[in-house]
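Worksheet for the structure shown next.
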Amino acid sequence: MNADVDWDKFDPQEYISRNYLALHPDDKLILSIVRAHFSDHFRRNPGRVPSGIDAGAGPNLYPAFTMLPWCDAITQYEWSAANVEHLREQRLDYAPTWDPFWDVLCEGEGGEGYAALGPSPRERFRDVVTVRPGNLYDLGGPGADGQPERWAMGTMFFVAESITESREEFARGVACFMNALEPGAPFAAAFMENSRGYPVGGRDFPASYVGAVEIRNQLKDFASDVDPLHIGKPDDLRDGYTGMILACGHRND
């Protein structure tokens with residue numbers, strides 16, 4: 001169960017060294033697809049939205065990058081105290097490691113909105129992003145004013161399936177993310193397919209063994225335009241998974 005894990009012991013630097021020191025082809029493809037999805041939405045719905053959320057940000061900055069041209073404010077929502085501290089440091093002046101990820105967003109179809117922010121949008125990132133401690137399972141509930149708290153677009157990358165072995169908690173995590181989005185909100189969610197857990201900093205962390213069928217079933221009540229896409233090869237980044245699943249769509253009205 002998620003509550004049995006000491007998430008404050010998660011090592012963000014070690015996780016980045018395993019996954020993000022170099023731009024992997026799978027991440028490049030994910031960025032390209034999400035770029036096209038969000039750019040297409042805002043071509044049809046011009047202007048910025050007031051808010052976006054990256055649910056369970058971890059130490060990963062690139063989901064927030066995908067929302068940067070389109071939001072007046074972005075919340076990086078994260079439970080681990082170690083990751084929160086890391087995100088707050090990165091918000092002030094993020095590491096050059098992340099520049100190739102931004103470069104992908106500025107390329108090709110849909111890249112114009114990103115390229116307009118320049119080759120190094122650190123100042124905008126600092127101004128727009130807020131790091132907020134919070135548990136994924138608390139999303140979708142009332143805010144400080146007692147009213148439901150909702151965001152106008154969102155991302156959730158490698159979270160709901162990567163914080164618990166429980167299928168029930170996986171389903172709850174997906175529902176909490178989707179319930180945190182306003183009707184019509186564009187979103188992108190990525191999942192490790194059939195993951196058996198993963199090591200970080202000498203510790204083993206849990207995962208739910210889920211594939212495209214389970215992901216589609218969890219999303220269908222919230223979004224009718226989602227067709228989960230399989231990306232990558234088994235055990236390419238580490239042992240114990242069969243690929244990645246990317247789901248882009250819009251929250252039902």
Practice prompt. Give me the pairs, please: first residue somewhere in the stretch 1-30 and in a loop (DSSP other than H, G, I, E, B), second residue anywhere and open to solvent by 60 Å² or more (accessible area, probe 1.4 Å), beta-carbon distance under 6 Å, and either six or more positions apart or on two chains.
Written response: none
Worksheet, complete the sentence: Per the filter on the stretch 225-249, residues open to solvent by 40 Å² or more (accessible area, probe 1.4 Å) and of a type outside the set (Lys, Arg) are ASP225, ASP227, LEU229, HIS230, PRO234, ASP235, ASP236, LEU237, ASP239, THR242
Worksheet item: What are the residue pairs meeting all of these: first residue in the stretch 228-253, first residue free of Cβ contacts under 8 Å to residues at least 12 places away in the same chain, second residue buried (at least 18 other Cβ atoms within 10 Å of the Cβ) and small (Gly, Ala, Ser), Cβ atoms under 7 Å, and 6 or more apart or on different chains?
Response: LYS233/GLY243; PRO234/GLY243
Worksheet entry | Leading residue by the ranking (surrounded by the most Cβ atoms within 10 Å (Cβ to Cβ)) among those in the stretch 70-95 that are outside any helix (DSSP H, G or I) and of a type in the set (A, V, I, L, M) | ILE74
Response to the item:
Given the conditions (1) farther than 19 Å from SER162 by Cβ; (2) open to solvent by 20 Å² or more (accessible area, probe 1.4 Å), every one holds for ASP8 apart from (1)
Discussion item. Restricting to the stretch 47-77, give me the number of residues that are in contact with a His (Cβ under 9 Å, 6 or more places away or on another chain) and free of Cβ contacts under 8 Å to residues at least 60 places away in the same chain.
Written reply: 1
Worksheet item: What are the residues in the stretch 225-253 that are charged (D, E, K, R) and assigned to a strand (DSSP E or B), if any?
Response: none
Item to complete: Evaluate the stretch 50-62: report whether one residue or more is part of a helix (DSSP H, G or I) and open to solvent by less than 10 Å² (accessible area, probe 1.4 Å).
Response: yes
Item to complete: Mind listing whichever residues of the stretch 207-224 are in a loop (DSSP other than H, G, I, E, B) and open to solvent by 80 Å² or more (accessible area, probe 1.4 Å)?
Response: TYR209, LYS220, ASP221, SER224
Worksheet item: Can you tell me how many residues in the stretch 182-206 are open to solvent by less than 10 Å² (accessible area, probe 1.4 Å), within 21 Å of ASP54 (Cα to Cα) and assigned to a loop (DSSP other than H, G, I, E, B)?
Response: 1
Practice prompt. Could you please let me know if PRO119 is open to solvent by 10 Å² or more (accessible area, probe 1.4 Å) and in a loop (DSSP other than H, G, I, E, B)?
Written response: yes
Fill in: Answer residue from the stretch 96-110, given it is outside any helix (DSSP H, G or I) and either open to solvent by 10 Å² or more (accessible area, probe 1.4 Å) or closer than 10 Å to TYR62 by Cα (or both) and is modelled with the highest pLDDT among those
CYS106
Discussion item. Suppose the filter is modelled with pLDDT of 95 or more and within 15 Å of the chain's Cα centre (by Cα); does VAL159 pass it?
Written reply: yes
Discussion item. Tell me the residue from GLY140, GLY113 that is within 21 Å of LEU181 (Cβ to Cβ), open to solvent by less than 60 Å² (accessible area, probe 1.4 Å) and modelled with pLDDT of 95 or more, please.
Written reply: GLY113
Practice prompt. Examine the stretch 134-150 for a residue that is touching a residue at least 40 places away in the same chain (Cβ under 8 Å), assigned to a strand (DSSP E or B) and touching a strand residue (DSSP E or B) at 6+ places or on another chain (Cβ under 6 Å), and state whether such a residue exists.
Written response: no
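The values are calculated or read from the model by the stated rules, or taken from the named source; none is laboratory data. In this text the structure is predicted, and so the values were computed from the model without any measurement. Please note: Cβ atoms are built from the backbone with ideal geometry, for glycine as well, and neighbour counts cover all protein chains shown. These area figures cover heavy atoms from the full protein model, side chains too; ligands, DNA and RNA do not enter into them. Shrake-Rupley method; radii C 1.70, N 1.55, O 1.52, S 1.80 Å.
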